[in-house]
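Worksheet: one structure, shown below.
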Amino acid sequence: MDAGSALSALGVIAIVLLGAGAVVALVLFMVHQAKLQRQRMEALEQLANGLSFGGPGAGWFSDFDSHAVAQHFEDFQTGHSRGATWIRHGKVSVHGIRGEMVFGDYHYKVTSGSGKNQTTTTYQFSFLFWVPIMNLPESLALRQENFLDRIGEWVGVDDIDFESSEFSRKFHIKCSDKRAAVDLFDPRMMEWMLEETPPGMSVRGGAFFFRGATLWSAAEYVGLVKWIGAFVMRLPRHFVDARCPREDVEVWESNSRK
């Protein structure tokens, strides 16, 4: 074998080895991802069991974008091939405020273009609904303020301004009833939220809705459940008293004094 042939053979061997290495790396990556997904699901099942949650049930089902509560949120009306890949539901009492909680992973697809240029992208996100026994006819949205919101203020598109200028600068809040928003975000609530940055939150159809930009880890789910508990403990007394059943108010007040 001459030198040229030897170099050519070595080149072929190198390409084969690189290809084999890439395949092995891909397989190892897929195995690792499957392991992480399995660990995540096990942790989420432990969380659901700890909250005494069961499967979908009670009107919550895998394609629940047609559910009465989910219909209030555009997040579940976007794209096609929509559905929940994992969902758990149960009755909860958050410091005396009874209700339901449902959380899970959701996916949908968006197709754009046509013919050879047609592309379909799959999106996934985690979500949590808390539906308390509470009179909540208003719609509300809370998130951290961004640069576009400040531009909106310059052209007259504004959100609600609160007594705390720092709170108003940090958060963008829209509500169908300004008085209700001012009642909810009293000085004590605003002070806490400035210290403990809240997740994005929407309230519609009597439900508090939280969603992730992508899938949450089990720890992120746990953190959100704890945040909801802390939020409930800081609800203004007059707000709870006017909107919750008397028996729930009494338990909530007892827990608040502890």
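The figures follow:
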quantity: Residue within region 149-156 that is in the same structural domain as PRO245 (by TED's automatic domain parsing) and either touching a Leu at 6+ places or on another chain (Cβ under 6 Å) or at pLDDT 90 or above (or both) present; calculated: no
quantity: Residues of region 157-176 that turn out to be part of a helix (DSSP H, G or I) and either of a type outside the set (Gly, Ala, Ser) or modelled with pLDDT of 90 or more (or both), as a count; calculated: 4
quantity: Residue check, ARG38 more than 25 Å from GLY229 (Cβ to Cβ), at pLDDT 70 or above and not assigned by TED's automatic domain parsing to the domain that holds TYR221; calculated: yes
quantity: Boolean, GLU100 is exposed (fewer than 13 other Cβ atoms within 10 Å of the Cβ), of a type in the set (Asp, Glu) and under 30 Å from VAL232 (Cβ atoms); calculated: no
quantity: Verdict on VAL110 being modelled with pLDDT of 90 or more, more than 19 Å from SER202 (Cα to Cα) and among the aliphatic types (A, V, I, L, M); calculated: yes
quantity: Unmet requirement for LYS170, which otherwise passes all of (1) exposed (fewer than 15 other Cβ atoms within 10 Å of the Cβ); (2) over 21 Å from the mean Cα position of the chain (by Cα); calculated: (2)
quantity: Of all residues making up region 107-131, the number that are assigned to a strand (DSSP E or B) and either touching a Ser or Thr at 6+ places or on another chain (Cβ under 7 Å) or surrounded by fewer than 12 Cβ atoms within 10 Å (Cβ to Cβ) (or both); calculated: 12
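The values are calculated or read from the model by the stated rules, or taken from the named source; none is laboratory data. Since this is a predicted model, take the numbers as computed values, not measurements. Ideal geometry is used to build each Cβ from the backbone, glycine not excepted, and the neighbour counts take in all protein chains shown.
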